[in-house]
Amino acid sequence: MFRPERPVDQSVLTGNRKLVDAIDRRNVLRGTLSLGALTLLSGCDVTEEEPVQTFLRAVSAWNDRVQSVIFRPDHLAPTFSPAQVVKPPRFNAYYDVADVKPIDGASWRLELSGRIADKRPWTARQIYDLPQQEIIIRHVCVEGWDYIGQWSGPNLKNFLERVGADLTAKYVYFHCNDDYTESIDMAAALHPQTILATRYANETIADPFGYPLRLRTSTKLGYKNAKWIRAIEVTNTFTETFWSEQGFNWFAGI
Amino acid sequence: MSASSVKSLTRKELAHKERRLHPLPVRVMHWINAVAIFIMIGSGWKIYNDDVLFGWLHFPDALIIGKWAQHGLQWHFFGMWIFVLNGLAYLSYGIASGRFRQKLLPISLRELFATIGDALRFHLAHDDLTHYNAVQKILYLGVMLIGILIVISGLALWKPVQFSDLASLFGTFQTIRLVHFLCMTAIVGFLAVHIALALLVPQTILAMLTGGPVVKSDAAADAKPTPAR
């Protein structure tokens with residue numbers, strides 16, 4: 001009665017097989033002991049120890065699976081009025097705004113790879129000429145801050161259909177000009193409020209915020225929304241992304 | 001009751017003849033909760049520090065769990081399972097066994113004023129650990145309600161889109177953060193009183209480890225309202 005219609009997506013488990021296999025009883029026991037020690041030694045830094053990290057990352061992989069069950073594919077995030085939009089948007093990257101390397105829109109190409117039928121690269125002009133969808137949604141950063149942003153651009157599902165992507169594949173990866181990588185599960189990629197953003201508040205996106213192309217989805221934390229995209233890859237193979245490699249939760253659903 | 005008399009009885013006989021102030025499930029869940037609260041507060045402070053609500057308030061590094069942001073988050077989203085599952089088990093047990101009704105209800109206003117008066121005159125009685133005074137009853141019930149609210153606000157923070165109806169009850173995203181933070185503050189306040197009083201009357205700590213004094217096994221007698229001192 002309470003079973004989801006589809007079985008739980010095993011992709012995260014498969015992708016983290018190494019981690020999950022690492023949860024043997026000895027490790028859990030060791031983790032528990034460390035946890036016990038932690039309660040006695042407040043302030044001591046044990047969180048970087050390998051067994052503790054292994055255990056916590058396995059919990060994070062479990063949380064990925066829980067979140068994919070919680071996710072409602074047709075449920076829309078709250079939207080807001082243009083008057084509530086913050087201009088300019090708040091900058092965030094793994095480096096300072098002064099270190100942003102602007103992209104030349106004329107020579108930029110969007111590469112397509114993986115399980116996509118038509119892999120011809122796209123120019124900025126071609127993408128900007130596609131039908132644009134506008135969403136005014138809340139950006140939630142993992143740190144705790146948030147703001148209302150007004151984004152427009154081609155709907156990602158429409159784009160993936162147009163290029164003949166395998167919509168039954170597990171992941172959509174975004175490779176970025178600043179060597180950033182992010183990936184989202186296919187369910188989030190097909191969500192009606194997931195777009196390849198080209199404009200912010202009716203203006204072409206400025207350099208610090210991802211010109212010429214970035215991802216904007218209403219269902220993920222800020223860091224999942226890759227900026228300065230240079231390639232989109234549709235795949236069934238999980239590889240760690242920029243932040244998940246460092247221990248941040250991969251699914252990062254909101 | 002002497003230790004030797006306990007030894008002479010088998011565990012099964014003991015269960016039949018004696019009921020302790022804190023039955024084993026309560027003790028186990030109490031200490032699991034203590035560990036969970038410790039993890040949640042320490043890691044929560046780390047998460048808070050990365051984007052503070054109040055410019056004047058940063059938690060010292062010595063008191064937080066998780067060296068970097070991701071570690072604080074990892075601990076928090078691990079600890080939440082212990083806190084929520086153990087909390088649900090505790091609430092179910094407390095309601096199903098009648099413990100909450102027996103120990104925490106009713107709260108009489110007269111008894112409340114009397115207890116506060118006694119406390120101010122340093123005449124607070126603690127010779128009978130099995131009876132909770134009105135202030136204790138209010139604190140225990142209150143911290144349980146806060147515990148429920150901190151989970152609900154945490155759920156709204158974690159999933160403001162999937163549970164958007166729940167999140168909208170609070171208002172903006174920052175309001176949810178504030179509610180979550182204030183619940184934490186209330187719990188820390190409770191802990192300060194709870195731990196200070198436990199240290200002042202150490203037999204309460206012993207009771208939470210060994211079970212404490214035997215209470216009458218006649219449930220009907222327990223259910224009767226206890227006279228105010």
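What follows draws every value from the coordinates through simple rules; no lab data is involved. These numbers come from a predicted model, not from an experiment. Here the Cβ is made from the backbone with ideal geometry for all residues, glycine too, and neighbour counts use every protein chain on show.
Here are a few things to note about the model shown:
- Prolate is the label for chain B, because a/c, from the alpha-carbon gyration tensor with a ≥ b ≥ c as root eigenvalues, is 1.5 or above and a/b exceeds b/c.
- In order along the stretch B:114-122, the phi-based Karplus estimate (6.51 cos²θ - 1.76 cosθ + 1.60, θ = phi - 60°) of 3J(HN,Hα) comes to 4, 5, 4, x, 4, 4, 5, 9, 6 Hz; Gly and Pro are listed as x.
- Cleavage-rule hits (chymotrypsin sites (Phe, Trp or Tyr not before Pro)) in the stretch B:11-104: DSSP loop, at most 11 neighbouring Cβ within 10 angstrom: B:PHE54, B:TRP56
- Of the trypsin sites (Lys or Arg not before Pro) found in the stretch B:71-172, the ones in coil according to DSSP and having at most 10 other Cβ atoms within 10 Å of their Cβ are B:ARG121.
- For B:LEU191, B:LEU57, A:LEU56, order by how many other beta-carbon atoms lie within 10 Å, fewest first: B:LEU57, B:LEU191, A:LEU56
- Degrees separating the helix B:69-96 axis from the principal Cα axis of chain B, which is the longest one: 30
- Cut-off under 5 Å, modelled amide H: who pairs with A:ALA226 long-range: A:LEU215
- Karplus (6.51, -1.76, 1.60) ³J(HN,Hα), θ = phi - 60°, over the stretch A:67-73, in Hz, Gly and Pro reported as x: 5, 6, 6, 5, 4, 10, x
- In terms of its C-alpha gyration tensor, the stretch B:94-184 has a prolate overall shape, because the principal axis ratio a/c (a ≥ b ≥ c, square roots of the eigenvalues) is not below 1.5 and a/b outweighs b/c.
- The stretch A:105-254, Rg to Rh (Cα coordinates; Rh as Kirkwood inverse mean 1/r): 0.92
- Relative to the dominant Cα principal axis of chain B, helix B:173-200 is inclined by about 30°.
- Each residue of the stretch A:92-105 is assigned a 3J(HN,Hα), and the resulting list reads 7, 7, 8, 8, 6, 4, 5, 8, 5, 9, x, 9, 7, x Hz, derived from the Karplus form 6.51 cos²θ - 1.76 cosθ + 1.60 (θ = phi - 60°), x at Gly and Pro.
- Angle between chain B longest axis and helix B:134-158 axis [Cα atoms, degrees, rounded to 10]: 30
- Shape class for the stretch B:58-145, computed from the alpha carbon gyration tensor (a ≥ b ≥ c): oblate, with a/c not under 1.5 and a/b at or below b/c.
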